[in-house]
Structure formats: C-alpha cells, structure tokens
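Accompanying notes for the structure given below.
Nothing in this text is a laboratory measurement; each read-out follows from the coordinates by a stated rule. Source: prediction; values computed, not measured. Positions of Cβ are backbone-derived with ideal geometry, glycine not excepted, and every protein chain shown enters the neighbour counts.
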Amino acid sequence: MIVLKNAHELGRMREAGRMVAEILQLLQENIKPGVTTLELDELAERECRKRGARPAFKGYGGFPFSICSSPDEKVVHGFPDACPLRDGQILSIDFGVIWHGFYGDAAITVPVGPVSQEKAHLVEVTRRSLELAIAQAKPGHRLSDISHAVQSYVESEGLAVVREFVGHGIGKSLHEDPQIPNFGAAGQGPLLRPGMTLAIEPMINAGDMGVKILADGWTAVTVDGRPSAHFEHTVAITDKGPAILTAV
C-alpha cells in the first residue's frame, strides 16, 4: 500500500532530508586520497548524533555501519573499511537518517582525485539520469515514467542499468511501497499523486548489468569488475511538481 504524507509529515521528512544532505556534503568534502571509509563512517555517525537523529542503516537488517561505502566495482551496500582511498577511484556513499520517526535517504558518487574518462562519464551519466528521473515525478505521470527516463538515457550513453536493486517509497519506514525500478516501458504502474514520497536511485554500471553479492552477504559488485555509480534523492510528489527533500 502506498502511504500518502500530509503537510506535517512532509515537514518532518524535509528536516530529515536536510540532515542527510548536509552530512553527505560534509563527507564529500572529506573524500580524498589517504582517508579511509571507516573514518567517513565515524564522521557520518558523529554528525548524525549531533543533530539529534539516528543513522538509518546501522542495525537495519543487521547492517553494521552508518554509511554504505562502495568504491569502484562495488555497486551498493559496501562495508566501510580501513583501506585508504586512492587517486583514480570513485566512491559511492549511501546514507540515511531517522528523525522524529521519519526517514531521509540519499546517495552520491564522488571521484577521488583525477579519474579516468570512463569513470568520469559513468558518474556524470548516473547523476544526470537521476535528474531526468526526478523530472518525471509529477502528479498524473505513471511510476514507470521515472523508470523509463533512467533506462532510455543511460542506455543511449552506452552504459547498463542494474536490475537487482531498485528505488522505493519512504516515510515512517525506510522501504515502503512502491518499488521503483530503473528500467521499463513508460506509462505503466501506479498514478503519481501529491503526498507520495519516493527514494529514486539509479545504480549504473560501466560494463555488464550483472552483479553478485560478496561473502559478507551485503556488498554487491559488478560481475565484470568494471566500475559502478549510484545517486539518490528522497523526493516528494507535490501539486507543483517534484520536491527534492534531500537537498541542502
């Protein structure tokens, strides 16, 4: 069942989303060669607690960290570790908070120093695909209009859409209905209505679309070892169009 949010609930979600955006911006400023993703994880949790919120992912389904950190061929749900970041990598960070019972959720992919043309293209196309998807999040459109916007653009740029992981509704739960694939024909699925809140998150591979899960039971990596990128925003459907809740 898709849960519509009232003005008060959207206000809570907007505040949670603002915290997510602020902390992701701070993390981005600290992504550089020599920094470890464990250090970034500690920073995210510290900043979250400082704001009176809780990390959304820590303990969720047994996930042991506050951020998902996924460099290069890692697609999503990567564990932070003590390996220093290196020039030429890209790093995807997914982060969320719970504030007064409501969730915010967003993701970014950031170059670590200068990166290859392949990686720069991948990051830019993934970022742009999220913008195009959000532009479809309007009353009267269908859910799959969001999905189709991602797939049609990404594939026109020679990249591949991950099938195994999708976006989702969000609110009092981190994952609510509906699921939001990043692929599919336009004009299908539920009608978009004011009050719907969606976590839209393209996950895009430079090579094959396939992924596999590592022995930790969480980390997804590309089957061909080529890089992957991930961007996400929490978005509200309003009478005036899409409102990004995870923006500073």
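Any idea which residue in segment 157-168 is farthest from GLN117 (Cα to Cα), counting only those that are out of contact with any helix residue (DSSP H, G or I) (no Cβ under 9 Å at 6 or more places or on another chain) and not basic (Lys, Arg)?
HIS168
Being under 30 Å from ASP239 (Cα atoms), of a type outside the set (Lys, Arg), buried (at least 20 other Cβ atoms within 10 Å of the Cβ) and touching a Lys or Arg at 6+ places or on another chain (Cβ under 9 Å) is the requirement here; does ILE2 meet it?
no
Restricting to segment 174-189, name every residue that is assigned to a loop (DSSP other than H, G, I, E, B) and surrounded by 14 or more Cβ atoms within 10 Å (Cβ to Cβ).
LEU174, HIS175, PRO181, ASN182, PHE183, GLY184, ALA186, GLY189
Can you tell me which condition ALA106 does not meet? The list is (1) part of a loop (DSSP other than H, G, I, E, B); (2) under 28 Å from PRO55 (Cα atoms); (3) of a type in the set (A, V, I, L, M), and all the others hold.
That leaves (1) as the condition not met.
Among what's in segment 116-143 and is among the aliphatic types (A, V, I, L, M) and crowded, with 19+ Cβ neighbours inside 10 Å, pick the residue that is nearest to the chain's Cα centre (by Cα).
Of everything passing the filter in segment 116-143, LEU130 is nearest to the chain's Cα centre (by Cα).
Hey, can you tell me all the residues within segment 56-80 that are assigned to a strand (DSSP E or B) and among the charged types (D, E, K, R)?
Of everything in segment 56-80, just one residue is assigned to a strand (DSSP E or B) and among the charged types (D, E, K, R), namely LYS74.
Would you check which residues across segment 191-248 are farther than 21 Å from ILE98 by Cα, in a loop (DSSP other than H, G, I, E, B) and among the small types (Gly, Ala, Ser) and list them?
ALA206, GLY207, GLY210, ALA215, GLY217, GLY225
Looking at (1) out of contact with any strand residue (DSSP E or B) (no Cβ under 7 Å at 6 or more places or on another chain); (2) under 27 Å from ILE2 (Cα atoms); (3) free of Cβ contacts under 8 Å to residues at least 40 places away in the same chain; (4) not hydroxyl-bearing (Ser, Thr, Tyr), can you tell me which one GLN151 breaks?
(1)
Condition first: in a helix (DSSP H, G or I), in contact (Cβ under 8 Å) with a residue 60 or more places away in the chain and not hydrophobic (A, V, I, L, M, F, W, C). Now tell me which residues in segment 1-40 satisfy that. Give the steps one after another, and end with the answer.
Of all residues in segment 1-40, those in a helix (DSSP H, G or I) come to 7-30, 37-40.
From what's left, in contact (Cβ under 8 Å) with a residue 60 or more places away in the chain: 9-10, 12-25, 27-28.
Within segment 1-40, GLU9, ARG12, ARG14, GLU15, GLY17, ARG18, GLU22, GLN25, GLN28 qualify.
What number of residues within segment 114-144 satisfy the criterion of being farther than 24 Å from GLN188 by Cα, of a type outside the set (Val, Ile, Thr) and not in a helix (DSSP H, G or I)?
Total meeting the criteria: 2.
Would you point out the residue of segment 81-96, among those that are small (Gly, Ala, Ser) and part of a loop (DSSP other than H, G, I, E, B), that is surrounded by the fewest Cβ atoms within 10 Å (Cβ to Cβ)?
This residue is ALA82.
Every residue in segment 23-54 that is crowded, with 17+ Cβ neighbours inside 10 Å, acidic (Asp, Glu) and out of contact with any strand residue (DSSP E or B) (no Cβ under 7 Å at 6 or more places or on another chain), please.
Within segment 23-54, GLU47 is the sole residue that qualifies.
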